[in-house]
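Shown next, in structure tokens, is the structure this report addresses.
The values are calculated or read from the model by the stated rules, or taken from the named source; none is laboratory data. Small disclaimer: the values here were computed from a predicted structure and weren't measured. All Cβ positions, even for glycine, are placed from backbone atoms using ideal geometry, and neighbour counts span all protein chains on display.
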Amino acid sequence: MLALVQRVSEARVRVDDRTVGEIGAGLLVLVCAEPADTPHHADRLLARLLKLRIFGDEQGRMNRSLQDTGGGLLLVSQFTLAADTSGGNRPSFTQAAPPDLGRALYEYLLAQARKIHAEVACGEFGAHMQVQLVNDGPVTIPLRIQ
């Protein structure tokens, strides 16, 4: 699975002029499933997201995790993370999971996150979304779980 993690002071997702997901301080995570991904990959990604130490401690060092801070987790599906631009100017998305698998893994990740983390919000799979965020730092970290 691919993920782009952004530490935010706030973030929200809108679909058709309505807010479908919103958090204060925490992590906005853009998520993309790949064809060989399984629920095991989603579990490993979630564990990394919750334990990734990218929040400041008392000395301002990145030493605290989302588990430590209790911040929000906003998960947004984004198949374009798997874009391949090596063949020209139009990206290919053949490295992204087919929509049915992508949806199943995204929904699984979301369900697991809601079981173990207090504040979880999401986008809408397959919808045209507007994502608004205030990147804190800025801190943006790509992850690949294999």
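Miscellaneous remarks
- Taking the stretch 39-60 as the range and being in a loop (DSSP other than H, G, I, E, B) and touching a residue at least 40 places away in the same chain (Cβ under 8 Å) as the test, the residues that pass are Leu52, Ile54.
- When restricted to residues that are in a helix (DSSP H, G or I) and in contact with a strand residue (DSSP E or B) (Cβ under 6 Å, 6 or more places away or on another chain), the stretch 61-92 contains 5.
Rundown of residues vs (1) of a type outside the set (Phe, Trp, Tyr); (2) more than 22 Å from Val8 (Cβ to Cβ); (3) in a helix (DSSP H, G or I); (4) at pLDDT 95 or above, yes/no style:
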residue: Leu101; (1), (2), (3), (4): yes, yes, yes, yes
residue: Ala104; (1), (2), (3), (4): yes, yes, yes, yes
residue: Glu107; (1), (2), (3), (4): yes, yes, yes, yes
residue: Ala121; (1), (2), (3), (4): yes, no, no, yes
residue: Phe125; (1), (2), (3), (4): no, no, no, yes
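- When Glu58, Glu10, Glu34 are screened for being over 15 Å from His117 (Cα atoms) and touching a Gly at 6+ places or on another chain (Cβ under 6 Å), only Glu10 passes.
- Those residues of the stretch 90-144 which are β-branched (Val, Ile, Thr) and surrounded by fewer than 18 Cβ atoms within 10 Å (Cβ to Cβ), in sequence order: Thr94, Ile116, Val131, Val134, Val139, Thr140, Ile141
- Note on the stretch 34-51: among residues that are in contact with a strand residue (DSSP E or B) (Cβ under 8 Å, 6 or more places away or on another chain) and surrounded by 20 or more Cβ atoms within 10 Å (Cβ to Cβ), the one that is nearest to Asp68 (Cα to Cα) is Leu49.
Each row is one residue, and each column tells you yes or no for (1) of a type in the set (Ser, Thr, Tyr); (2) under 17 Å from Ala25 (Cα atoms).
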{"site": "Ala82", "(1), (2)": "no, no"}
{"site": "Ser86", "(1), (2)": "yes, no"}
{"site": "Gln112", "(1), (2)": "no, no"}
{"site": "Ala121", "(1), (2)": "no, yes"}
{"site": "Gln132", "(1), (2)": "no, yes"}
{"site": "Ile145", "(1), (2)": "no, no"}
